[in-house]
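To start, the structure under review is shown below, and the notes come after it.
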Amino acid sequence: MTITTRQYAAADKQAYIALNLDWIKESFTIEQSDRDQLENLEATILATGGQIIIAELDDRVVGTGAILPPHHYPQDGRKWLEIVKMAAQKDLRGQGIGRAVLEALIAEGRALGANAIWLETNNDLKAAIRLYERCGFQHLSNDSLWPTPYARCNVQMVLEL
């Protein structure tokens, strides 16, 4: 099984939306922030200077994730980016898709000149948290948490570049 990653193309939009709706609906509720970002991904991700990464297997879109300027920007002199909407096809989870997408997003962050990458998740998503930890992300302490537009997000992590 060879997973490849590439930049998003307009033809990927429905797969991007479907993969993300699938994982969110599986464990959580679709929130207004999800709708806004998914329905308007060109404006909320691409037009802001962000990038979307697509993972493919046998010419099928099987994973995705995005990196963009953060929704909260700390005034600490660093260039921050945020990873959002990472998803892998349900029946292929655990096969390295998430790692391939995350590594491509981190490389994209470096190429965009970021000093740090921030993300948020939920403590029920144990496999995702283990992946982030293995890739060098550190948990923010409770007194360092950023404001979040998502009710489900209770874990925040940072990767220093």
Odd one out for Ala43 among (1) among the aliphatic types (A, V, I, L, M); (2) surrounded by fewer than 18 Cβ atoms within 10 Å (Cβ to Cβ); (3) under 16 Å from Glu108 (Cα atoms): (3)
When residues of segment 102-119 are limited to those that are touching a residue at least 24 places away in the same chain (Cβ under 8 Å) and open to solvent by 30 Å² or more (accessible area, probe 1.4 Å), the one farthest from Pro74 (Cα to Cα): Glu103
Test: residue in segment 133-147 that is on the phi < 0 side of the Ramachandran plot, within 14 Å of the chain's Cα centre (by Cα), among the aromatic types (Phe, Trp, Tyr) and assigned to a helix (DSSP H, G or I): no
Members of segment 1-40 that are touching a strand residue (DSSP E or B) at 6+ places or on another chain (Cβ under 8 Å), under 22 Å from Asn122 (Cα atoms) and open to solvent by less than 50 Å² (accessible area, probe 1.4 Å): Tyr16, Leu19, Asn20, Trp23, Gln37, Leu38
Asp59 being touching a Ser or Thr at 6+ places or on another chain (Cβ under 7 Å) and at pLDDT below 95: no
Residues of segment 120-161 classified as open to solvent by 40 Å² or more (accessible area, probe 1.4 Å) and over 15 Å from His72 (Cα atoms), total: 17
Every pair of residues 6+ apart whose Cβ atoms lie under 6 Å, when the first sits in segment 1-24 and is touching a residue at least 60 places away in the same chain (Cβ under 8 Å) while the second is hydroxyl-bearing (Ser, Thr, Tyr): Tyr16/Thr64; Leu19/Thr64
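The values are calculated or read from the model by the stated rules, or taken from the named source; none is laboratory data. The model shown is predicted, which means the values in this text are computed figures rather than measured ones. Note that each Cβ is placed from the backbone with ideal geometry, even for glycine, and that neighbours are counted across all protein chains shown. Ligands, DNA and RNA are excluded from the accessible area calculation, which covers all protein heavy atoms including side chains. Shrake-Rupley method; radii C 1.70, N 1.55, O 1.52, S 1.80 Å.
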